[in-house]
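Visitor: Please see the structure below; I have some questions.
The values are calculated or read from the model by the stated rules, or taken from the named source; none is laboratory data. Keep in mind that this is a model prediction, so the values were computed, not measured. Neighbour counts run over all protein chains shown; Cβ positions are idealised from the backbone, glycine included. The protein model used for the area step is the full one, side chains on, heavy atoms only, and it has no ligands, DNA or RNA in it. Shrake-Rupley method; radii C 1.70, N 1.55, O 1.52, S 1.80 Å.
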Amino acid sequence: MNVQIQLDEHHINSLVTQLVHDKLQELAVPRVLSLDIKDIKRITGINSNITLQKILSDPRILQHQFRLGEGGPRHWNARGFEEAYEEVMNDFKVMY
């Protein structure tokens with residue numbers, strides 16, 4: 001049995017170039033690790049306090065909330081908030 005494999009050098013170069021570019025972008029841009037309420041309002045674009053509190057009180061969002069001191073301002077784990085926020089918004093899309 002004779003097996004032949006043909007490699008597309010242009011395609012391989014393109015894939016490697018894209019992987020290197022993606023990795024450099026990941027390293028060059030500092031990752032946001034936590035968000036405060038101003039960040040939440042800015043990135044969601046939600047100005048209504050009632051709507052915002054409804055979203056922030058969802059258990060999926062609450063699990064990513066923390067305070068740095070007793071009675072201190074609320075913060076959220078950025079990655080966890082983003083994932084939970086997408087889930088909450090998808091549920092709202094289905095409801096409305």
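Visitor: If you take the C-alpha gyration tensor of region 3-96, multiply each eigenvalue by 5 and take the square root, what semi-axes do you get, largest first, in whole Å?
Guide: Listed largest to smallest, the semi-axes of region 3-96 are 40, 18, 12 Å.
Visitor: Take the solvent-accessible surface of the protein heavy atoms, probe 1.4 Å, and return the percent of it on the chain that carbon and sulfur atoms account for.
Guide: Percent of accessible area from carbon and sulfur atoms in the chain: 56.
Visitor: How large is the accessible surface per residue of the chain, computed with a 1.4 Å probe and reported in Å² as a whole number?
Guide: In whole numbers, the chain has 84 Å² accessible per residue.
Visitor: Can you give the calculated 222 nm mean residue ellipticity of the chain, where each DSSP H run of n ≥ 4 adds -39,500 (n - 2.57) and the sum is split over every residue, rounded to the nearest 500 deg cm²/dmol?
Guide: Rounded to the nearest 500, the figure is -18500 deg cm²/dmol.
Visitor: Determine how large the accessible area of K23 is when every protein chain is in place; take a 1.4 Å probe and give Å² rounded to the nearest 10.
Guide: Roughly 100 Å² of K23 is accessible to a 1.4 Å probe.
Visitor: Tell me, in nm to one decimal, what length is gained between V16 and I50 on full extension, where the rule is 0.36 nm per residue of separation less the Cα-Cα distance?
Guide: Additional length available on full extension: 7.5 nm.
Visitor: Just want the answer: with Cβ charges of +1 for Lys and Arg and -1 for Asp and Glu, which residue in I12, M89, G45 is farthest toward the dipole's positive end in the chain?
Guide: Positive-end residue among those listed: G45.
Visitor: Where nothing but the Cβ of Lys and Arg (+1) and of Asp and Glu (-1) is charged, how large is the charge dipole of the chain around its Cα centre, in debye to the nearest 20?
Guide: About 520 debye.
Visitor: Sorting check: for 16-22, 75-81, 39-45, 63-69, which peptide has the highest mean count of neighbouring beta carbons within 10 Å, and how do the rest follow?
Guide: 75-81, 39-45, 63-69, 16-22
Visitor: How do D8, D91 stack up against each other in accessible area, from largest to smallest, with a 1.4 angstrom probe?
Guide: Largest to smallest exposure gives the sequence D8, D91.
Visitor: Sticking with this structure for a sec: For the chain, build the charge dipole from Cβ charges (+1 Lys, Arg; -1 Asp, Glu) around the Cα centre, then report which of H21, I55, G69 sits farthest towards its positive end.
Guide: Among H21, I55, G69, the one farthest towards the positive end of the dipole of the chain is G69.
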